[in-house]
Structure formats: C-alpha cells, structure tokens
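The values are calculated or read from the model by the stated rules, or taken from the named source; none is laboratory data. What you are looking at is a predicted structure, and each value in this text was computed from that prediction instead of being measured. Cβ sites come from the backbone with ideal geometry, for glycine too, and all protein chains shown count toward neighbours.
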C-alpha cells in the first residue's frame, strides 16, 4: 500500500470543503483533489505546512505508512 494521504478524513473532521481549503492554502482545487483522492506521487513540505496550518493538525495526521500485505 505504501504512503497514504489522509486529507479527506481530516477535512471531514474539520468540516471544511475542498473549495474552502483551496482558498486558505492557495492551492488549486485540482491539486488538492489529487491529494484528497490519494493519487499524489509527491508532496512539497511547503504544501504540507500550509495544510497543517489551515487544518490545525500535525503532518502525521495527514500522512501515514501502511505496509503491503505481501511484505508483512
């Protein structure tokens, strides 16, 4: 599985929409959607910092690691 972006869950907990978050962090809705749907291949630290500031959370709440079933 690898690295999971938990943005959709944190957004739901914070009751914030993609549109609102996009305006707060100055990132396009398309790029946020890629992160939200776990399709991103990379994330800049500046983006991660902006998301953490806007959502009042820690990086570990947005990103976590899940081992593949065949490597356990």
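Below is a table of values for the structure above.
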item	result
Check on residue 52, part of a loop (DSSP other than H, G, I, E, B) and modelled with pLDDT of 95 or more	no
When residues of the stretch 20-49 are limited to those that are farther than 12 Å from residue 3 by Cα and touching a strand residue (DSSP E or B) at 6+ places or on another chain (Cβ under 8 Å), the one modelled with the highest pLDDT	48
Meets criteria (more than 11 Å from the chain's Cα centre (by Cα) and surrounded by 13 or more Cβ atoms within 10 Å (Cβ to Cβ)) for residue 53	no
Residue in the stretch 10-19 that is assigned to a strand (DSSP E or B) and either in contact with a strand residue (DSSP E or B) (Cβ under 6 Å, 6 or more places away or on another chain) or surrounded by 10 or more Cβ atoms within 10 Å (Cβ to Cβ) (or both) present	no
Yes/no for residue 31 being surrounded by fewer than 16 Cβ atoms within 10 Å (Cβ to Cβ), within 11 Å of the chain's Cα centre (by Cα) and assigned to a helix (DSSP H, G or I)	yes
